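A.B. asks: Quick one: this structure, given as structure tokens, is what I'll be asking you about.
The values are calculated or read from the model by the stated rules, or taken from the named source; none is laboratory data. Fair warning: this is a prediction, and the values are worked out from it, not measured in the lab. For neighbour counting, all protein chains shown are included, and Cβ atoms are generated from backbone atoms with ideal geometry for every residue, glycine included.
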Amino acid sequence: MKPRNLSLYAIALIASGATAFAGTPAPSAKTPVSPVATTPPADEWKVTSWAYGWLAGVEGTTGVKGFTSEIDIPFSGVLDHLDMTASLNLEAQKGRWGGWVDAMYLKVSAGGSTPDPLFDVINITQTQVAAEAAIFYRVWEGQRGALDLYAGARYMSIKGELELTLSDSGVEQVSSALSSKVIDEIVSGVKSKAAQELAAKRPQLTSQIAAKASDVLSDLKAIGQAHPGLGNAIKNSERLQQAIRNAAAARVQEQLAIVQGQVAAAKAAARRAVNKAEKALANEIERALRNSIPSELSGTKDWVDPFIGVRGYYNFTNDFYAVTKADIGGFGISSDLTWQVYAALGYHLSKSTTLEVGYKYMAVDYTSGGFTNDVRTSGVFLNLGLKL
């Protein structure tokens with residue numbers, strides 16, 4: 001199954017990585033040389049609230065209860081399917097230590113036609129909750145930058161709802177094709193078996209006719225003994241003996257023709273039986289298809305992934321800076337592997353407001369039972385921070 005309009009997965013997967021990069025601290029405008037990297041005094045807290053958004057495309061494999069789909073969606077179609085979203089991120093720092101918490105709610109839906117002949121329309125709704133907590137330690141800072149190490153855990157909960165509208169013509173087409181294939185294999189097997197049986201009977205028939213011919217010769221010889229003239233004629237006449245052999249061969253051909261005639265006569269009846277059986281089989285296959293494919297399908301899955309990472313800053317000016325982040329997690333505890341990288345440029349709009357624009361790439365490989373989330377998500381990221 002490969003639906004054409006599954007853009008909701010691109011949106012749903014936004015939440016799977018947005019939390020990890022939402023916690024970029026706002027640089028302080030008070031320090032003339034290094035506003036981003038400067039660590040606040042050890043007895044002061046710096047708290048920043050962030051609002052963020054990620055316009056991301058996605059490619060990979062997703063699925064619920066064994067129904068999977070290969071997707072390749074550009075980020076340009078994300079907003080068309082957004083039903084509701086809300087997010088909150090808070091980061092606090094005191095001295096070299098700090099941390100952040102992040103929460104996001106997202107509901108998206110999509111629908112459309114599909115190239116699969118079994119379905120006319122597929123409608124999908126997905127609700128996702130993501131929550132993250134992490135702590136960091138500033139291992140280095142200088143006049144032009146700073147470097148943080150961080151570790152945390154990310155909780156994910158995804159609920160998927162799938163509505164399938166079967167195509168009557170498509171189901172009939174698939175059922176008939178499967179039925180014809182099954183019947184053709186059976187008929188081919190029967191033909192092969194009949195040919196084998198006929199070949200096996202040929203020596204038997206030949207032996208039986210030869211025995212009859214021997215009996216005829218014996219009878220003729222007995223008559224010849226009673227009538228010496230006829231006996232000598234039989235013994236000395238090659239033409240008479242050949243006539244007897246010809247009669248035996250003709251009887252063999254007659255018997256073979258009878259067997260072949262029986263096969264030919266049965267062919268029409270067999271064809272009628274095949275047509276009837278094929279139609280009945282197609283009906284059973286169609287019934288099985290309709291019963292095995294649900295019209296509605298839903299499932300919820302939640303998991304927690306640990307992660308570790310590094311974050312760095314570089315100040316170009318008092319107001320203009322660059323930030324990069326990278327982390328890796330999962331480690332087979334929940335996801336087999338999850339990793340992401342993020343790079344952005346930031347600018348102080350005021351002493352309390354900061355804007356970041358960047359690009360983020362995230363990969364998640366999670367599979368459990370019939371739930372699959374093996375995707376790569378990437379796109380433009382926007383962060384708006386307010387210093388509290």
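The rows are residues; the columns are (1) in the same structural domain as Gly98 (by TED's automatic domain parsing); (2) closer than 22 Å to Ser49 by Cβ; (3) within 27 Å of the chain's Cα centre (by Cα); (4) not in a strand (DSSP E or B).
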residue	(1), (2), (3), (4)
Lys301	yes, no, yes, no
Asp305	yes, no, yes, no
Tyr342	yes, yes, no, no
Lys351	yes, yes, no, yes
Tyr359	yes, no, no, no
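A.B. asks: Scanning for something closer than 21 Å to Ser49 by Cα, modelled with pLDDT of 80 or more and β-branched (Val, Ile, Thr), does the range 127-144 turn up at least one residue?
C.D. replies: For the range 127-144, residues closer than 21 Å to Ser49 by Cα, modelled with pLDDT of 80 or more and β-branched (Val, Ile, Thr): present.
A.B. asks: While we're looking at this one, here's another question. Go through (1) touching a Leu at 6+ places or on another chain (Cβ under 7 Å); (2) in contact (Cβ under 8 Å) with a residue 12 or more places away in the chain one by one and return the number of the condition Leu349 breaks.
C.D. replies: All conditions are met except number (2).
A.B. asks: Check the range 330-340 and report whether any residue there is surrounded by 15 or more Cβ atoms within 10 Å (Cβ to Cβ), more than 20 Å from the chain's Cα centre (by Cα), part of a strand (DSSP E or B) and in the same structural domain as Gly299 (by TED's automatic domain parsing).
C.D. replies: yes
A.B. asks: Using the structure shown, decide if Lys351 is surrounded by fewer than 16 Cβ atoms within 10 Å (Cβ to Cβ), basic (Lys, Arg) and over 30 Å from Thr127 (Cα atoms).
C.D. replies: When the stated conditions are applied, Lys351 passes them.
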